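Student: I'd like to ask you about the structure that follows.
The values are calculated or read from the model by the stated rules, or taken from the named source; none is laboratory data. All values derive from a computational prediction rather than experimental measurement. For neighbour counting, all protein chains shown are included, and Cβ atoms are generated from backbone atoms with ideal geometry for every residue, glycine included. When the accessible area is computed, the model is the full protein with side chains, heavy atoms only, and any ligands, DNA or RNA have been set aside. Shrake-Rupley method; radii C 1.70, N 1.55, O 1.52, S 1.80 Å.
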Amino acid sequence: GNSVTQMEGPVTLSEEAFLTINCTYTATGYPSLFWYVQYPGEGLQLLLKATKADDKGSNKGFEATYRKETTSFHLEKGSVQVSDSAVYFCALRRRNYGQNFVFGPGTRLSVLP
Amino acid sequence: EAQVTQNPRYLITVTGKKLTVTCSQNMNHEYMSWYRQDPGLGLRQIYYSMNVEVTDKGDVPEGYKVSRKEKRNFPLILESPSPNQTSLYFCASSLDGVRERRDNEQFFGPGTRLTVL
């Protein structure tokens with residue numbers, strides 16, 4: 001079946017450190033891939049997305065590249081800020097299934113000043 | 001302001017007492033969806049609706065009902081809640097449920113935290 005696996009959290013970093021959150025997926029066909037961010041007490045917000053192999057999504061200094069050969073979509077940021085503290089969800093959307101998303105379990109990031 | 005609203009935001013109830021969580025969007029979106037969020041499991045889709053009077057089951061529909069009589073509203077109904085339905089619930093909407101387009105982003109509501117005793 002379709003599934004998304006993320007690295008276990010929580011992840012704690014100092015400000016300006018480099019961030020990587022690993023995400024791998026299992027899916028039939030060629031899904032679209034997403035990263036969502038959830039700030040405390042809020043709903044999810046779309047951070048970035050990629051719809052085909054080798055696409056790179058980017059937003060607010062975050063990047064992720066759709067790697068079909070390794071079925072991965074790792075999230076990276078070169079220099080994190082305290083305001084990046086949140087829970088990050090990797091997700092896929094199955095083709096021809098509308099907006100039927102499959103989410104990973106989420107990774108909590110804490111950035112210390 | 002474009003938004004998805006949910007009510008109530010917090011609810012504590014007892015086993016078997018019927019409840020409804022409302023969801024409304026003001027963006028004229030065709031597609032709406034309900035998710036539950038549980039620790040270690042991420043978000044799992046309960047039901048979705050491609051348009052008025054068109055609903056379908058997601059991955060975890062058991063124990064839930066939905067209706068879509070109007071475009072803007074998509075209530076989630078628990079006819080006989082049980083403790084395993086204690087969770088954080090999110091409603092979401094998007095322009096439509098099919099097209100890969102830059103503006104077809106899924107917007108989430110603020111969440112409803114439900115506790116069933």
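Student: So is residue A:86 within 9 Å of chain B (Cβ to nearest Cβ) and either among the β-branched types (Val, Ile, Thr) or surrounded by 15 or more Cβ atoms within 10 Å (Cβ to Cβ) (or both) or not?
Tutor: no
Student: Could you check segment A:89-98 and list, in sequence order, the residues that are small (Gly, Ala, Ser) and either at pLDDT 95 or above or open to solvent by 10 Å² or more (accessible area, probe 1.4 Å) (or both)?
Tutor: Scanning segment A:89-98 gives a single hit, A:98.
Student: Could you check segment A:39-54 and list, in sequence order, the residues that are open to solvent by 20 Å² or more (accessible area, probe 1.4 Å) and part of a strand (DSSP E or B)? Steps first, please.
Tutor: Taking segment A:39-54 as the starting set, the residues that turn out to be open to solvent by 20 Å² or more (accessible area, probe 1.4 Å) are A:39-42, A:45-46, A:49, A:51-54.
A:45, A:46, A:49, listed by residue number.
To keep it simple, each residue is scored yes or no on (1) out of contact with any strand residue (DSSP E or B) (no Cβ under 8 Å at 6 or more places or on another chain); (2) more than 14 Å from chain A (Cβ to nearest Cβ); (3) free of Cβ contacts under 8 Å to residues at least 24 places away in the same chain; (4) farther than 18 Å from residue B:11 by Cα.
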| site | (1), (2), (3), (4) |
| --- | --- |
| B:54 | yes, no, yes, yes |
| B:58 | no, no, no, yes |
| B:63 | no, yes, yes, no |
| B:78 | no, yes, no, no |
| B:82 | no, yes, no, no |
| B:90 | no, no, no, no |
| B:111 | no, no, no, no |
| B:117 | no, yes, no, no |
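Student: Moving on. Among the numbered conditions (1) more than 11 Å from chain B (Cβ to nearest Cβ); (2) open to solvent by 40 Å² or more (accessible area, probe 1.4 Å); (3) touching a strand residue (DSSP E or B) at 6+ places or on another chain (Cβ under 7 Å), tell me where residue A:29 comes up short.
Tutor: (3)
Student: Return the total of residues in segment A:56-70 being surrounded by 17 or more Cβ atoms within 10 Å (Cβ to Cβ) and in a loop (DSSP other than H, G, I, E, B).
Tutor: 1
Student: Can you name every one of the strands (runs of 3 or more DSSP E) wholly within segment B:1-97 that holds 1 or more residues which are open to solvent by 60 Å² or more (accessible area, probe 1.4 Å) and not acidic (Asp, Glu)?
Tutor: In segment B:1-97, B:4-7, B:10-13, B:19-25, B:42-51, B:54-57 are the strands (runs of 3 or more DSSP E) which contain 1 or more residues that are open to solvent by 60 Å² or more (accessible area, probe 1.4 Å) and not acidic (Asp, Glu).
Student: While we're on this one: Of the residues in segment A:89-113, how many are small (Gly, Ala, Ser) and away from chain B (no Cβ under 14 Å)?
Tutor: The qualifying residues number 1.
Student: Out of A:76, A:69, A:63, I need the residue that is more than 9 Å from chain B (Cβ to nearest Cβ), charged (D, E, K, R) and in contact (Cβ under 8 Å) with a residue 40 or more places away in the chain. Which one?
Tutor: Every option except A:76 fails the conditions.
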